[in-house]
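K.L.:
Structure in structure tokens, see below.
What follows is calculated from the coordinates using simple rules that are stated; it is not laboratory data. Note that the coordinates shown come from a computational prediction; the quantities given were computed from them, not determined experimentally. Here the Cβ is made from the backbone with ideal geometry for all residues, glycine too, and neighbour counts use every protein chain on show.
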């Protein structure tokens, strides 16, 4: 039986786009939570963490309500792009983003908070702006941890099932990601297809985890 590799390529594309968007959003949220004090900070932190503890199907339901064709956001998207967001591959990107971004935010925040503040203080005393301090000092010092977190977020995006199937559905050749395709193959009794896709995604995941370990800061023995 010929193996349709479309779900694997779609999953890789979805994960790449979701990770790119998550890195931009995640760095901003991580910096905000790590370096700013404001009213509602704890609530924002809890909201960012919530997708890590809620069942994926619950997240998918919330997104379906928020972005469905009857919702204000759904109507706005349809008016701008000429079609609904739900049950498209773009919806799979949104699902993967919501599923993976919290992990990136939490890890990036920890990385930013681990930077020795004396370096940032010295730069401020020399007249550097906060923007320059972040890009020239804070981010370079935390880059290995942030890169490792980004790789793990990619892996989490790659393996999403519950949020994706709720928001993007299971349309072969259009929205069927590899996790959904494996489930579909098992349900249909296609053991060969399920095994091939499972081995392929496992190999990709193993390579990603190896890369994340290589990027993680080395521990120095005391």
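K.L.:
Grab the DSSP H runs of the chain that are 4 residues or longer, score each as -39,500 (n - 2.57), total them, divide by all residues and round the 222 nm result to the nearest 500 deg cm²/dmol. Mind showing how you got there, number by number?
P.N.:
Details: 11 runs with 164 residues, N = 222.
Estimated from H runs of four or more residues: -24000 deg cm²/dmol.
K.L.:
Moving to a separate point now. How would 187, 113 line up from fewest to most surrounding beta-carbon atoms within 10 angstrom?
P.N.:
Working: 187 9, 113 13.
Ordered by Cβ neighbours within 10 Å, fewest first: 187, 113.
K.L.:
Counting residues in region 106-146 as N, plug N into 2.2 N^0.38 Å and put the Cα Rg over that result. Walk me through the numbers on the way to the answer.
P.N.:
Numbers: Rg = 10.0 Å, N = 41, 2.2 N^0.38 = 9.0 Å.
Here the Cα radius of gyration is 1.11 times the empirical estimate.
K.L.:
Most mobile of 178, 53, 199 per a Gaussian network model of the chain (Cα springs, under 10 Å)?
P.N.:
Largest GNM mean-square fluctuation: 53.
K.L.:
Order by neighbour count: 41, 106, fewest other Cβ atoms within 10 Å first, most last.
P.N.:
Values: 41 12, 106 19.
Fewest-to-most Cβ neighbours within 10 Å comes out as 41, 106.
K.L.:
If each of residue 4 and residue 171 carries a label point 7 Å out from its Cα toward its Cβ, how far apart are those two points in nm?
P.N.:
For residue 4 paired with residue 171, the spin-label model returns 1.3 nm.
K.L.:
Note the angle between two axes, namely the Cα long axis of helix 178-187 and the longest principal axis of the Cα atoms of the chain, as a number of degrees from 0 to 90, rounded to the nearest 10.
P.N.:
Approximately 30 degrees, to the nearest 10.
K.L.:
Note the direction-averaged projected area, equal to a quarter of the hull surface, for the Cα convex hull of region 66-222, in nm².
P.N.:
Numbers: hull surface 54.7 nm².
For region 66-222, the mean projected area of the Cα convex hull comes to 13.7 nm².
K.L.:
On a 0 to 90 degree scale, rounded to 10, what angle separates helix 41-53 from the longest Cα axis of the chain?
P.N.:
Helix 41-53 and the main axis of the chain meet at about 30 degrees.
K.L.:
Specify the angular offset, from 0 to 90 degrees and rounded to the nearest 10, of the alpha carbon long axis of helix 191-215 from the longest principal axis of the alpha carbons in the chain.
P.N.:
Approximately 10 degrees, to the nearest ten.
K.L.:
Report the residue, chosen from 204, 14, 163, that carries the largest GNM mean-square fluctuation when the chain is represented by alpha-carbon nodes joined by springs under 10 Å.
P.N.:
Result: 204 has the largest fluctuation of those listed.
K.L.:
To one decimal place, what Kirkwood hydrodynamic radius in Å is obtained for region 25-109 from all pairs of distinct Cα atoms? Present the calculation step by step, with values, prior to reporting the outcome.
P.N.:
Values: mean 1/r = 0.0708 Å⁻¹.
Over region 25-109, the inverse of the mean reciprocal pair distance is 14.1 Å.
K.L.:
Sticking with this one: What ranking do 80, 93 get, fewest neighbouring Cβ atoms within 10 angstrom at the top?
P.N.:
Numbers: 80 8, 93 24.
In increasing order of surrounding Cβ atoms, one gets 80, 93.
K.L.:
Top mean-square fluctuation among 70, 149, 200, Gaussian network model of the chain, C-alpha springs under 10 Å?
P.N.:
Highest fluctuation among the options: 70.
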